[in-house]
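The values are calculated or read from the model by the stated rules, or taken from the named source; none is laboratory data. Since the model is a prediction, treat every value here as computed from it, not as a measurement. When we count neighbours, we look across all protein chains shown, and the Cβ atoms used for this are built from the backbone with ideal geometry, even at glycine. Surface accessibility is based on the protein's heavy atoms, side chains included, excluding ligands, DNA and RNA. Shrake-Rupley method; radii C 1.70, N 1.55, O 1.52, S 1.80 Å.
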Protein chains: 2
Amino acid sequence: MEKKIILDGIVVAKHVKDQLKNRIADLKEKGIVPCLATILVGDDSSSETYVRMKGNACEKLGILSERIHLSKDTTTKELLEKIAELNEDPSVHGILLQHPVPGHIDERKAFEAIAIEKDVDGVTSLGYGQTAFGFGDFPSCTPAAILEIMDYYKLNAEGLHAVVVGRSPILGKPVSALLLNRNATVTTCHSYTQNLPQILQQADIVVAAVGKPNFIKGDWIKEGAIVLDAGYNKGNIGDAEYDNCLEKAFAITPVPGGVGPVTISMLLKHTVQAAEKSLKFKVSAAK
Amino acid sequence: MEKKIILDGIVVAKHVKDQLKNRIADLKEKGIVPCLATILVGDDSSSETYVRMKGNACEKLGILSERIHLSKDTTTKELLEKIAELNEDPSVHGILLQHPVPGHIDERKAFEAIAIEKDVDGVTSLGYGQTAFGFGDFPSCTPAAILEIMDYYKLNAEGLHAVVVGRSPILGKPVSALLLNRNATVTTCHSYTQNLPQILQQADIVVAAVGKPNFIKGDWIKEGAIVLDAGYNKGNIGDAEYDNCLEKAFAITPVPGGVGPVTISMLLKHTVQAAEKSLKFKVSAAK
């Protein structure tokens, strides 16, 4: 039997970060320190944890982390003003607005206000459109992580049938778009999909992006498929049954230690890339 | 046997235009005449024909048609300047840049320069992203036409499996996005797709958007499917074999007289909608 590949996100994330170290050093020589501004609104404890993890990951690598914490009573207008201020600030290269914001805020409007050059988390509709049309700089980070893992392990999507389960703006839709751009045939499934097991039976690539623990059953997986699990549910459980999918799969991401760690490294990569781009503009403006 | 439905685009287009007449009259009472600017670059004869058809359709309905014809030697910079001028011109509500432009011009850059409020042809990546995220005003016109036909004939996509053959930025991608937003399970196929006939065998809805005459065979169609043919090839031949698909289909668009006529009416609809929106801005600015 062919050896199964466990797609190790910790290894991929380390590889990405190692490459970034040189780029960050180069930037610092030129007087630029990459900076990610994170905005947290309110007191949701898991959001606080996520933002802290992201900030810490920045600092560990030498990226500045500007952490903005706004009260839960912040209005949409106040949030938009803060985003406008960060858009204008040349020392800030990336802006991340932690999802979800309190219910009274127009989250979509806030996301859309982020300047495309600083949308390192890939939340704007413009960024999504550019990604889908094949010229976006910053696809959202989890889809980017999935592609990064495939690239690291030399898994070519061309001509394969990819089935994406989920259609959120930051995961199911952009990962479908990225796989389509890699010349996969792409089926996007969701809560209205009939016969999901039969559809998954045909999938050479399965992306689990549904947000429900163990939702994808091992029985549904085709022998030899690539299973990419972007789920992270309570108790470190993925969206796909790990052991049962492992039996069938040719390659699979574990949870934890699969897509998750690479997602954060994509945020760092995009921030560095944004800083490099800002430098290019500076150089060409000075000429 | 259940009666087959021939999806008559001429009827649908007439219905759309009839509704627009009142809206145009209302606008005129308020001092606004909707205006579509069309830009043709160079002397391609079929492009000239298309632009003329669009302009004539505008005028027939009482929409102003500002026809700009630039020489084939126009540079990207000159084209961008013209677009910027039209973006600024408050009497122009919609801008259509006829595809294709001469090869030396950066067509994508020119499309992207069209202001989102005037992108009635749905060519910008921002417009596409907004459409995919469910809040776009102007999806590109052929995908919008396909949905308009489905609505007119009360064909509900929810829970159905739609297979789109083609992935262009103005057709395959946006129609996939629109059908996904209507809660269809959507598979997007293209030249790298393996086993297209087997995939189509599962399709409740087939969208032919491939640009090759009679490419989709009747044999590939599932009994009772809805076949929407967006192709228009030389000799008025669609992308799907009409007679053979008709035998299998529950509902089908003919070529000609199917998607084509509705596409132009969508351009008119979007132009009227853009004019109405400009009026709203005017009213709220005056308050």
Report whether or not B:LYS21 is farther than 28 Å from B:GLU117 by Cβ and open to solvent by 10 Å² or more (accessible area, probe 1.4 Å). no
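Could you list, in sequence order, all residues of the range B:221-245 that are in a helix (DSSP H, G or I) and surrounded by fewer than 17 Cβ atoms within 10 Å (Cβ to Cβ)? I'd like the intermediate steps shown before the answer.
From the range B:221-245, those in a helix (DSSP H, G or I) are B:242-245; that's our starting set.
Those that are in a helix (DSSP H, G or I) and surrounded by fewer than 17 Cβ atoms within 10 Å (Cβ to Cβ): B:ASP243, B:ASN244.
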Between a residue in the range A:177-200 that is more than 23 Å from A:GLY122 (Cβ to Cβ) and any residue that is basic (Lys, Arg) and at pLDDT 95 or above, which pairs come within a Cβ distance under 8 Å, given they are 6 or more apart or on different chains? A:PRO197/A:LYS217; A:LEU200/A:LYS222
With the first residue restricted to the range A:256-282 and required to be open to solvent by 50 Å² or more (accessible area, probe 1.4 Å), and the second required to be among the acidic types (Asp, Glu), Cβ contacts under 7 Å at 6 or more apart or on different chains are A:GLN273/A:ASP137; A:LYS277/A:GLU117
B:VAL101 - would you say it is open to solvent by less than 30 Å² (accessible area, probe 1.4 Å), under 14 Å from the mean Cα position of the chain (by Cα) and either within 14 Å of chain A (Cβ to nearest Cβ) or in contact (Cβ under 8 Å) with a residue 40 or more places away in the chain (or both)? no
Yes or no: A:ILE95 within 14 Å of chain B (Cβ to nearest Cβ), among the hydrophobic types (A, V, I, L, M, F, W, C) and under 19 Å from the mean Cα position of the chain (by Cα)? no
Per-region count, the range A:59-74, residues closer than 14 Å to A:HIS93 by Cβ and of a type outside the set (D, E, K, R): 5
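What number of residues within the range A:183-203 are in a loop (DSSP other than H, G, I, E, B) and at the interface with chain B (Cβ under 9 Å from one of its Cβ atoms)? Outline the logic, then answer.
The initial filter retains those residues of the range A:183-203 that are in a loop (DSSP other than H, G, I, E, B), namely A:183-184, A:190-195, A:201-203.
Of the ones still in play, those that are also at the interface with chain B (Cβ under 9 Å from one of its Cβ atoms) are A:183-184, A:190-195, A:202.
Total meeting the criteria: 9.
Using the structure shown, decide if B:ARG52 is more than 11 Å from B:VAL272 (Cα to Cα) and surrounded by fewer than 20 Cβ atoms within 10 Å (Cβ to Cβ).
Working: more than 11 Å from B:VAL272 (Cα to Cα): yes; surrounded by fewer than 20 Cβ atoms within 10 Å (Cβ to Cβ): yes.
When the stated conditions are applied, B:ARG52 passes them.
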Determine which member of the set B:ASP106, B:ASP121, B:ASP89 is without any contact (Cβ under 8 Å) to a residue 60 or more places away in the chain and either touching a Cys at 6+ places or on another chain (Cβ under 8 Å) or open to solvent by 60 Å² or more (accessible area, probe 1.4 Å) (or both). B:ASP106
Considering only the range A:125-153, state which residues are in contact with a strand residue (DSSP E or B) (Cβ under 7 Å, 6 or more places away or on another chain) and not assigned by TED's automatic domain parsing to the domain that holds A:ILE205. none
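In the range A:34-46, how many are more than 19 Å from A:ASP119 (Cβ to Cβ) and either in contact (Cβ under 8 Å) with a residue 40 or more places away in the chain or open to solvent by less than 60 Å² (accessible area, probe 1.4 Å) (or both)?
Let us first name the residues in the range A:34-46 that are more than 19 Å from A:ASP119 (Cβ to Cβ), namely A:42-46.
Then drop every residue that is not either in contact (Cβ under 8 Å) with a residue 40 or more places away in the chain or open to solvent by less than 60 Å² (accessible area, probe 1.4 Å) (or both), which leaves A:42, A:44, A:46.
Total meeting the criteria: 3.
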Restricting attention to the range B:204-234, which residues are within 14 Å of another protein chain (Cβ to nearest Cβ), under 17 Å from B:ARG167 (Cα atoms) and either small (Gly, Ala, Ser) or touching a Lys or Arg at 6+ places or on another chain (Cβ under 8 Å) (or both)? B:ALA209
Residue among A:SER65, A:SER46 that is at pLDDT below 95 and hydroxyl-bearing (Ser, Thr, Tyr): A:SER46
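Within the range A:163-174, is there a residue that is among the small types (Gly, Ala, Ser), in a helix (DSSP H, G or I) and at negative phi? Talk me through it step by step, then tell me what you get.
First pass over the range A:163-174, keeping only residues among the small types (Gly, Ala, Ser): A:166, A:168, A:172.
Then keep just the ones that are in a helix (DSSP H, G or I); that gives A:172.
In the following step, the residues that additionally are at negative phi were identified as A:172.
Yes: the range A:163-174 contains one or more residues that are among the small types (Gly, Ala, Ser), in a helix (DSSP H, G or I) and at negative phi.
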Among (1) more than 8 Å from chain B (Cβ to nearest Cβ); (2) closer than 21 Å to A:GLY94 by Cα; (3) surrounded by fewer than 21 Cβ atoms within 10 Å (Cβ to Cβ), there is one condition A:PRO169 misses while meeting the rest; what is its number? (1)
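Results for (1) within 18 Å of the chain's Cα centre (by Cα); (2) under 21 Å from A:SER278 (Cα atoms); (3) among the hydroxyl-bearing types (Ser, Thr, Tyr), shown as yes or no for each residue.
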position	(1), (2), (3)
A:LYS14	yes, no, no
A:THR38	yes, yes, yes
A:GLY42	no, no, no
A:ILE68	no, no, no
A:LYS77	no, no, no
A:GLU88	no, yes, no
Hits in the range A:204-220 - residues which are touching a residue at least 40 places away in the same chain (Cβ under 8 Å) and outside any loop (DSSP other than H, G, I, E, B): A:ILE205, A:VAL206, A:VAL207, A:ALA208, A:ILE216
Give the residue that is nearest to the other protein chains (Cβ to nearest Cβ), with candidates limited to residues of the range A:124-162 that are open to solvent by 30 Å² or more (accessible area, probe 1.4 Å) and of a type in the set (Phe, Trp, Tyr). A:PHE133
Please go through the range B:224-240 and pick out each residue that is in contact with an Asp or Glu (Cβ under 9 Å, 6 or more places away or on another chain) and in contact (Cβ under 8 Å) with a residue 24 or more places away in the chain. B:GLY224, B:ALA225, B:ILE226, B:ASP229, B:ALA230, B:GLY231, B:TYR232, B:GLY238, B:ASP239, B:ALA240
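If we keep just the residues of the range B:184-220 that are among the hydroxyl-bearing types (Ser, Thr, Tyr) and surrounded by fewer than 24 Cβ atoms within 10 Å (Cβ to Cβ), which is farthest from A:GLN198 (Cα to Cα)?
Pass one, the range B:184-220, residues among the hydroxyl-bearing types (Ser, Thr, Tyr): B:185, B:187-188, B:191-193.
Narrowing further to those that are surrounded by fewer than 24 Cβ atoms within 10 Å (Cβ to Cβ): B:191-193.
Working: B:SER191: 24, B:TYR192: 22, B:THR193: 19 Å.
Looking at residues that are among the hydroxyl-bearing types (Ser, Thr, Tyr) and surrounded by fewer than 24 Cβ atoms within 10 Å (Cβ to Cβ), I get B:SER191.
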